[in-house]
Amino acid sequence: VGVGMGYNDKLMEQLADKGNGTCSYIDTVDEAKRIFCTGLTSTLQTVARDAKIQVHFDKKTVYRHRLVGYENRKMAAKDFRNDKKDAGEVGAGHSVTALYELMLTPYALRERTANVSLATVRVRFKDPVKERVTEYQEEVTTENYHREYAKAPARFRLSATVCRFAEVLRDRDGSEGKLLRQLEDDSWKLSFELADDKDVKEFAQIVKKVRRNLALNENRSQMKGAAD
């Protein structure tokens, strides 16, 4: 758990990975309450050890794919069923979301009305007590494909919005102002749709704060340039 301005996110993540734990940053009293009170049990109680996810895309329907995030947690495909390889731990009440950006083939686009395969997803993990290994497999088809983003489930849109926000901050090129305005609108809409989730409202406030701070800094730079 980190506090203060000297927080090193990369180092903390490495420590958490090596120690089969989690890392958190506290910036408010509410966040401290969430970590040490409401969320403490779920953090300390492990329900799945060495959890791995493998996604095998169908080349007939998926032309190209890109994993967004978790790049540092990748492992070789051959190690998926190697139970000696260290992987991630999942706590009670926790969930893990991995996003992929896909480019579909002309065949998949033509067959949208049909139910054709996009990928096979496998999940493998150990029981934390009995050490028994369990593996599940699920097929993802075009039936799961949301043709209109606005009609997709709110949780899916939230994941996509958070992902896009992170990528905008990481790849800043001067054009993020317009994107952040759109993300701010999307995040506030989601905060109303998911009104029971305080984290969504907090996320919307963060997007708003970042957009305003970046706009303010840009205005100051322009004024300074004009003065010079």
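The values are calculated or read from the model by the stated rules, or taken from the named source; none is laboratory data. Owing to the predicted nature of the structure, the values given are computational and were not obtained by experimental measurement. Don't worry about glycine lacking a Cβ; one is built from the backbone with ideal geometry, like all the others, and counts go over all protein chains shown. We work out accessible area using only protein heavy atoms, side chains counted, and drop any ligands, DNA or RNA first. Shrake-Rupley method; radii C 1.70, N 1.55, O 1.52, S 1.80 Å.
Inter-label distance, Lys85 to Met5: 4.2 nm, where each label sits 7 Å from its Cα along the C-beta direction. Overall, the ratio between the Cα radius of gyration of segment 68-123 and 2.2 N^0.38 Å, rounded to two decimals, is 1.54.
Taking θ as phi - 60° and the Karplus parameters 6.51, -1.76 and 1.60, the scalar couplings of segment 74-81 work out to 5, 9, 5, 4, 5, 8, 4, 9 Hz in sequence order, x denoting glycine and proline. Average accessible surface for the chain: 71 Å² per residue, computed with a 1.4 Å probe over protein heavy atoms with every protein chain in place.
Measuring nothing but protein heavy atoms, the accessible surface of segment 41-157 at 1.4 Å probe radius is 51 percent carbon and sulfur. Under the simplified labelling scheme, the Ala77-Lys189 pair shows an inter-label distance of 3.7 nm, with each label point 7 Å from Cα along Cα→Cβ.
If I take every Cα pair under 8 Å that is 6 or more residues apart in the chain, average their sequence separation and divide by the length, what percent do I get for the relative contact order? 16 percent.
For segment 185-198, backbone phi angles converted through the Karplus equation (6.51, -1.76, 1.60; θ = phi - 60°) give residue-by-residue couplings of 4, 5, 5, 5, 4, 5, 5, 7, 5, 10, 4, 6, 9, 5 Hz, Gly and Pro being listed as x.
For the chain, what does the helix formula give at 222 nm: sum of -39500 (n - 2.57) over DSSP H segments with n ≥ 4, over the residue count, nearest 500 deg cm²/dmol?
-12500 deg cm²/dmol
The Cα atoms of segment 30-86 define a convex hull whose projected area, averaged across directions, is 6.5 nm².
Hey, with R₀ at 22 Å, roughly what FRET efficiency would Tyr70 and Tyr136 work out to, going by the Cβ-Cβ distance, to 0.05? Don't jump to the answer; show the numbers that get you there.
Numbers: r = 19 Å, r/R0 = 0.87.
Efficiency, from the Cβ-Cβ distance: 0.70.
Placing R0 at 25 angstrom, the Cβ-Cβ distance between Arg155 and Ser24 gives a FRET efficiency of 0.70 after rounding to 0.05. Rounded to the nearest 0.05, the FRET efficiency derived from the C-beta distance between Leu15 and Asn213 at R0 = 30 Å is 0.55. Two decimals, Cα atoms only, Kirkwood Rh: what is Rg/Rh over segment 1-71? Rounded to two decimals, Rg/Rh equals 1.11.
State the antiparallel share, in %, of DSSP beta bridges confined to the chain, rounding to the nearest 5. Antiparallel: roughly 95 percent of the beta bridges in the chain. Binning all Cα-Cα separations of segment 128-175 at 5 Å, short to long from zero, yields these whole-percent fractions: 4, 14, 13, 13, 13, 14, 13, 9, 4, 1, 1.
Projected over every direction and averaged, the convex hull enclosing the alpha-carbon atoms of the chain yields 16.5 nm².
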